[in-house]
Structures are given as C-alpha cells and as structure tokens.
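Chemist: Below: one structure in structure tokens.
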Amino acid sequence: MIRTQIQLTEKQAVALREMSATRQVSMAELIRISIDLFVQREAATSRASVVARAKSAAGQFASCVNDVSADHDRYLAEAFDSR
C-alpha cells in the first residue's frame, strides 16, 4: 500500500469516525472502499465505456420506418420538438 495524507472537513471526519465505530472498520479502510466505488463509477461513465454501450445498442431496436438513415435529422427534430 502507498501511504498518503488527506484533509477532511470536520463533518466528513465525524461521519467517518461514526461509521468506523459502527462497522468496526478503520477510517482508512472506509476511505479505500469509497475510492474503489468512485473509480468503478467513473470507469463506467468513461468515453470508451459510453461508446461501447452505444455500439452494443445499435441494431437492437426496430422503428418500422424505412427512411431513418436518409431522414434522421427530421426524425430527431420531431422527437425533440415533442418534448
């Protein structure tokens, strides 16, 4: 592990101390868990992840309209105008 130093607000420190006591886990472990969750969440919203999800959705839906590729701008405008 790599030792690092962080600064917490008083409110954050109090909350961490309470959670640490309740869960019988060190504050450092709670911080590591929090960082892991944050990193996982951010990785799920990375550009590469978003592009991969969009590509996997391509072709999965049917519109029953034959000119979507030619008239996509009109269909998008209609969809956004109806909001």
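Readers should treat all values here as calculations from the given coordinates under stated rules, not as data from a laboratory. Note that the coordinates shown come from a computational prediction; the quantities given were computed from them, not determined experimentally. So basically every Cβ, Gly included, is an ideal-geometry build from the backbone, and we count neighbours across all protein chains shown.
Chemist: From the phi angles alone, apply the Karplus equation (6.51, -1.76, 1.60; θ = phi - 60°) to the range 19-31 and give each ³J(HN,Hα) in whole Hz, x where the residue is Gly or Pro.
Modeler: 5, 4, 5, 5, 8, 6, 10, 5, 4, 4, 5, 4, 5
Chemist: Please state, to two decimals, what the Cα-based radius of gyration of the range 1-56 comes to when divided by 2.2 N^0.38 Å (N = residues). Provide the component values of the computation, followed by the final result.
Modeler: Values: Rg = 15.8 Å, N = 56, 2.2 N^0.38 = 10.2 Å.
The value comes to 1.55.
Chemist: Let me ask something additional. Tell me, what HN-Hα J-couplings in whole Hz come from the Karplus equation 6.51 cos²θ - 1.76 cosθ + 1.60 at θ = phi - 60° for each residue of the range 48-58, using x for Gly and Pro?
Modeler: Karplus-based 3J(HN,Hα) across the range 48-58 equals 4, 5, 5, 4, 4, 5, 5, 5, 5, 7, 4 Hz.
Chemist: Distance in nm between label sites at residue 17 and residue 54, each 7 Å beyond Cα in the beta-carbon direction?
Modeler: The answer from the label model is 4.8 nm.
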